[in-house]
Amino acid sequence: TWSAVPAGPPDPILGVTEAYKADKDPRKINLGVGAYRDEHGKPYVLPSVKEAEARLSALKPDKEYLPITGLAEFTQNAALLAYGADSEPLKQGSIAVAQSISGTGALRIGGAFLARHYPNSKIIYLPVPSWGNHTPIFRDSGLEVRGYRYFDKKTVGLDFEGLKADLLAAPEQSIVLLHACAHNPTGIDPTQEQWAQISDIVKERKLFPFFDMAYQGFASGSTSRDAFAVRHFVSQGHPIALAQSFAKNMGLYGERVGAFSLTTTDPDEKARVDSQLKIVIRPTYSNPPLHGARIANKILGDEALYTQWESEVKGMANRIISMREKLYSALTHDLKTPGEWGHIKSQIGMFSFTGLTPPQTKALAEKAHVYMTADGRISMAGLNGGNIEYFAESVDAAVKG
Ligand code: PLP
Ligand code: TYF
């Protein structure tokens, strides 16, 4: 029956983990997938999450189905975290929110909703490069995927002129996907001034902004600073779509906690949008999982736990920032590795786009047992006091060839 089914390519990011697992060398390092590791290279369950789970299990909650759009208290708290208490549509009760299967599920619900109900266009513009899953998510949702310039190879920075030119040339009313903070894979974000200019262009071209916020808190250590772009656009009167993930900032990866939201003009429009979100979700997975949403809701809804969580997010962000400084200093000062490495310090969030070439990343895997994606992206959280020197020496050797 399946003899004509061709083998498909593996996920380019998750495939790196497979190669790492198969390597038996004790010095091996996995810098592929963006999952936080502590200073001993171990997965990290946040103490605030453990506390929330302990409190939940003491309540012995039932396992009934959630409503189609999820735990109502959680979705309200998630919207508050993203939009902020001063948000006009939040105060008016005109944000439609649905709990989602983490960030991926939020993007997919959003893609499917827009493909069906956004009346003005079926085209979505993604930054080049973008997270590898964006293209298949939106293509499978029924949208036409195009790219706008984002990364400038020469400066290892933002191609702001290219970005502006491409958005100005996009057909009016197109959808544009924006990484809210900690751009994946480059680690390069627009400045606040640049965001303001992007907002103006989006307004001029009547584009529809769809924010992907998978790293709120991870970029700067502050959940409100990382929400700047989303809140600025909303304050400028843009209608927006937003995908939120709690995988990274709460370390809830496998629990699959997220939210999709749309700002609408009034509570009546919101109610109609809500009803159609349910019609997208119902035949997809019926209703979302309970446990992770309960954990996130406990944290977001309890003042003391929330404060503790914010400091734990900051702790993760700061450890990553300190690894950036150590790596920069090892390459530039200790090893005098050829090239300019300042971008390692200026990039933010989970990743650094190192500028290492595909032959260099191949050599790193084969000779040094150091694994990263072929585009030279490294997950900074995979580095720690125990392996950073070995990593820097391996990069130095690969660059010197
Ligand atoms: N969007 C971006 C930019 C990401 O890097 C990720 C990966 O973590 C996601 C969305 C969605 O991840 P998840 O479905 O695990 O929340
Ligand atoms: O870019 C990353 O590494 C994270 C994790 O199919 C991820 O976003 C990677 C690939 C994938 C799902 C999650």
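Here are the numbers:
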{"read-out": "Cα centroid of the range 280-334 to Cα centroid of the range 1-70, whole Å", "value": "14 Å"}
{"read-out": "Fewest-first ranking of 262, 331, 80, using other Cβ atoms within 10 Å as the exposure measure", "value": "80, 331, 262"}
{"read-out": "Residue 240 long-range amide H proximity, modeled H, under 5 Å", "value": "263"}
{"read-out": "Compactness of the range 1-155 as Cα Rg over 2.2 N^0.38 Å, two decimals", "value": "1.39"}
{"read-out": "MRE, 222 nm, helices only [DSSP H, n ≥ 4, -39500 (n - 2.57), over the chain, to nearest 500]", "value": "-14000 deg cm²/dmol"}
{"read-out": "Cα centroid separation, the range 345-401 to the range 208-225 (Å)", "value": "25 Å"}
{"read-out": "For the chain: relative contact order, % (alpha-carbon pairs under 8 angstrom, 6 or more apart)", "value": "26 percent"}
{"read-out": "Highest average packing first - 253-259, 4-10, 270-276, Cβ atoms within 10 Å", "value": "253-259, 270-276, 4-10"}
{"read-out": "Whole-number D in µm² s⁻¹ for the chain, Kirkwood Cα-pair radius fed into Stokes-Einstein, 20 °C, 1.002 mPa s", "value": "97 µm²/s"}
{"read-out": "Residues whose placed amide H lies under 5 Å from that of residue 157, excluding near-sequence neighbours", "value": "152"}
{"read-out": "Amide proton proximity set for residue 377, modelled H, under 5 Å, gap of 5+", "value": "354"}
{"read-out": "Ascending count of other beta-carbon atoms within 10 Å, so fewest first, for 208, 160, 74", "value": "160, 208, 74"}
{"read-out": "Burial order of peptide ranges 170-183, 111-124 (average beta-carbon count within 10 Å, highest first)", "value": "170-183, 111-124"}
{"read-out": "Ranked 55, 37, criterion: other C-beta atoms within 10 Å, fewest first", "value": "55, 37"}
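Bear in mind these aren't lab numbers, they're just calculated from the coordinates by the rules spelled out. Everything numeric here is computed off the predicted structure, so don't read it as measured data. Reconstructed Cβ throughout: ideal geometry from the backbone, glycine too, with neighbour counts over all protein chains shown.
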